[in-house]
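Everything on this sheet refers to the single structure shown next.
Nothing in this text is a laboratory measurement; each read-out follows from the coordinates by a stated rule. Model, not experiment: these values are computed from the prediction. Methodologically, a virtual Cβ is constructed for each residue, glycine included, from the backbone with ideal geometry; neighbour enumeration extends over all protein chains shown.
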Amino acid sequence: MNDASLPANRGCILVVDAQRNTRAITANLLRARGHTVLEALSGEQALATLAKSEVHLLLTRLQMRPMDGLTLLKCALEVAPSLQVIVTTASGSIESAVESMRRGAFDYVTLPFKEGEMLHRVERALEQTRRQATIGQHAGKFSERPGPSALVGRSPAMRELTSLLQRAAPSDATVLVQGESGTGKELVARAVHAASPRKNKPFVLANCAAVSEAQLESELFGQPRGTRTGAARARRGLFKEADGGTLFLDEVTELTPALQSRLLRTLQDGEVRRVGESTPQRVDVRIIAATHRDIEQEVREKRFRQDLFYCLNVVPLRVPPLRERVEDIPVLAEHFLQRANARGPRPKRLSGAAVECLMDHGFPGNVRELENLVRRAAALAEGDELQPEDFLLPRLPPRRAASKRPTKRRARASV
Ligand SMILES: Nc1ncnc2c1ncn2[C@@H]1O[C@H](COP(=O)(O)OP(=O)(O)OP(=O)(O)O)[C@@H](O)[C@H]1O
Ligand SMILES: [Mg+2]
C-alpha cells in the first residue's frame, strides 16, 4: 500500500465483531490509516457506543449472537439515520449481505478481506458521510435525533405501520388506532397529524374515558354560559378548538350510547351544536380515534354502535404489542436512556447484559413499561453502566418464558 492511497478524510469507525482476531486485524488496519477506531464485541455493546460517541462509519459482522448484524443495522440507522454501515460476512453468505444493502447498508466486504479492498470501501463510505454532512448543514436534512412525534423502531411490524400511516396522513380520512395499553397509540395519532397538511393547526386530545357524560358532552361540543344545565362559563368545545386541525378521540369505546349517537351525527353533518343550542356551526376537523379494547367485539355485543364504528374505521391502524417486535427493544431502550441522560446529572449507558435481559422480558405494559423501567434505572443506578439488576425485573424460569411469548430467535427469524 503506498501513501497516495491514504484516505483524504479520516473518521471515527466502530468495528463490531465477536471474533477477537478479525476485530483486532480490522481495527489495527484502520488505525494505521489514521482513523479513530472503537471496538464492540456484540450488537448490544455497539448500540451503547453509538449512543454516546459520534461515529461516522459502522463496520459490523453479520453473523453474531444474540443480536445479529441485520438487527444492529436497523437499530443503528434508527439512532443515527445518516450513519454509513458496511457489513462483513463469510464468503458463503452473500445473500444476507445483499439483503443488508437492501435494508440500508452502504456496502459489504467478504471475509477474509483483502486490505486494499477493505480500505477502498471504507474510504468510499466515509466520503459519503462527508457529502451527507455538507448537504445536512445546508438543507437541514439528516437530523440525527427523532422529533417528538417520531416513532422509534424499525421492526417489520413498525415499518408496515409507518408506511400505512404515511399513506393515510395526507387525506382527511378518519383513522382508528387500535392496540394494547402503552403500545404508542397516542404517539401514532400525533404522527399522523404531524405528517398531514394540518400539521400547523391544532392537535386536540379528548379523553372519552375520563369524565361524566354531561361533562364530556359540554367539553366536546361546547356550551354557552348560563344555560339550563347551569354552566358557570361558556365552553367553545373541543371540536371548535380543533377547527382546521385534528381531534383525537382517545378511548372512544367508553362513550355512552347517547354520546355515540351525538358524535355520529356531528361526523355525518360536519356541523356541531353546543349543548342546549339548536343552531349548528360548521367545523373542519379530521378525526383520529383510539381504543385499547377489541372494538369489533364491542360492536358484536351491542355496546358500540356499528354505524359509528364504520364511520371511524376508514383507515384502521393496529399498533403491535412490544412482545411481537422484540427487535425494537434495544433501540427504544437507547432512545429512552438518551432522554433520561439529557435530564440527569451524569450520562449513563446500557450494558450488553442489560439489553439482553430487557429483550427477554415480556413487557405486558408495552413501550410505556420499558420507558418507565429505563427512566427508573437511570435515576437509581449507582454505576455509569446500567446492569440487569438495575431494572428490577422479575426473573422467569427460561422454559416458562419461552412458552409464553415468541423467543428472540423466532422474533429475529421474521426480521
Ligand atoms: N415507537 C415509539 N417510539 C418512541 N416512544 C414511544 C413509542 N411508542 C410509545 N412510546 C412512548 O411510550 C409511552 C406510551 O405511549 P402512548 O401514550 O402513545 O401509548 P398508548 O397506546 O396511548 O397507551 P394507553 O393505552 O395506556 O393510553 C409514551 O411516552 C410514548 O412517547
Ligand atoms: Mg393513550
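Helix 156-168 against the longest principal axis of the chain: what's the angle in degrees, Cα atoms only, rounded to the nearest 10? Once rounded, one gets 50 degrees.
Number of Lys-Lys pairs in the chain with C-alpha atoms under 29 Å apart and a separation of 8 or more places or on different chains: 25.
If R0 is taken as 30 Å, the Cβ-Cβ distance between TYR310 and GLU369 corresponds to a FRET efficiency of 0.35. Per-residue Karplus couplings for segment 205-214, computed as 6.51 cos²θ - 1.76 cosθ + 1.60 with θ equal to phi - 60°, are listed in order as 9, 10, 8, 6, 9, 7, 10, 6, 4, 5 Hz, Gly and Pro entered as x.
Taking a ≥ b ≥ c as the square roots of the eigenvalues of the Cα gyration tensor of segment 3-139, is the shape rounded (a/c under 1.5), prolate (a/b larger than b/c) or oblate? Verdict is rounded for segment 3-139. Between GLU389 and ASP269, how high is the FRET efficiency from 1/(1 + (r/R0)^6) when r is the Cβ-Cβ distance and R₀ = 45 Å? Nearest 0.05. Rounded to the nearest 0.05, the efficiency is 0.15.
Highest mobility in the GNM of the chain, judged by mean-square fluctuation with C-alpha springs under 10 Å and restricted to SER196, SER91, SER100, is found for SER91.
Could you work out the Rg to Rh ratio of the chain, with Rh taken as the Kirkwood radius (inverse of the mean 1/r over all Cα pairs)? It would help to have the intermediate numbers written out before the result.
Working: Rg = 25.7 Å, Rh = 24.1 Å.
Taking Rh as the inverse mean 1/r over Cα pairs, Rg/Rh reads 1.06.
Taken along the Cα-to-beta-carbon direction at a fixed 7 Å, the label points for GLU127 and GLN297 span 5.9 nm. When the charge dipole of the chain is built from unit charges on Cβ atoms (+1 for Lys and Arg, -1 for Asp and Glu) and taken about the Cα centre, the candidate among LEU164, GLN260, SER218 whose Cα reaches farthest toward its positive end is SER218. Fewest-first ordering of GLU213, GLU382, GLU301 by other beta carbons within 10 Å of each residue's beta carbon gives GLU382, GLU301, GLU213. Taking a ≥ b ≥ c as the square roots of the Cα gyration tensor eigenvalues, segment 84-127 comes out oblate, since a/c reaches at least 1.5 and a/b does not exceed b/c. Here the 3J(HN,Hα) profile of segment 71-82, calculated from phi with Karplus coefficients 6.51, -1.76 and 1.60 at θ = phi - 60°, is 5, 4, 4, 5, 5, 5, 5, 6, 6, 9, x, 9 Hz, Gly and Pro shown as x. Applying the criteria of a DSSP loop state and at most 14 other Cβ atoms within 10 Å to the GluC sites (Glu not before Pro) of segment 21-54 yields GLU54.
If each DSSP helix of 4+ residues adds -39,500 (n - 2.57) and the sum is divided by the residues in the chain, what number results at 222 nm, nearest 500 deg cm²/dmol?
On the way: 17 runs with 181 residues, N = 415.
The helix contribution divided over the chain gives -13000 deg cm²/dmol.
When you work out D = kT/(6 pi eta Rh) for segment 255-345 at 20 °C and 1.002 mPa s, using the Kirkwood radius from C-alpha pairs as Rh and the Stokes-Einstein form, the result is 127 µm²/s. Based on Cα contacts under 8 Å between residues 6+ apart, segment 156-318 shows a relative contact order of 32 percent.
Give, rounded to the nearest 20 debye, the magnitude of the charge dipole that segment 1-107 has about its Cα centre when Lys and Arg contribute +1 at Cβ and Asp and Glu contribute -1 at Cβ.
So the dipole magnitude of segment 1-107 works out to roughly 160 debye.
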